[in-house]
């Protein structure tokens, strides 16, 4: 498995990301080009002490990748965003 730095690069920011945090319990992360769903799930669970329900990956036209991480019930995406300094 790749290191954390190559898997999770940063958190996606913006109006759409804020809406996902608040309404769908999802956190968007910018991830490395070679990272996969399993690696992303393990890294998020290990780094932030949460449980992940689902990971979707979007490939953007500029070549970057965004992982939309949905947290399980009982874990709040807004709390995670506060820890990360987004909100």
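Every number in this text was worked out from the coordinates using simple rules, so none of it is lab data. Worth saying up front: this structure is predicted, and the values here are computed from it rather than measured. Note that each Cβ is placed from the backbone with ideal geometry, even for glycine, and that neighbours are counted across all protein chains shown.
Values as computed for the structure displayed
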| quantity | calculated |
| --- | --- |
| Mean residue ellipticity (222 nm) of the chain, computed from DSSP H runs ≥ 4 via -39,500 (n - 2.57), nearest 500 | -11000 deg cm²/dmol |
| Fewest-first sequence of 23, 78, 7 by Cβ atoms within 10 Å of each Cβ | 23, 78, 7 |
| Choice from 12, 43, 53 with maximal GNM fluctuation in the chain (Cα, 10 Å cutoff) | 53 |
| GNM top mover of 50, 38, 66 - the chain, alpha-carbon springs below 10 Å | 38 |
| Identified option (computed semi-axes √(5λ) of the Cα gyration tensor in Å; candidates (1) 29, 19, 11; (2) 19, 15, 11; (3) 23, 14, 12) | (2) |
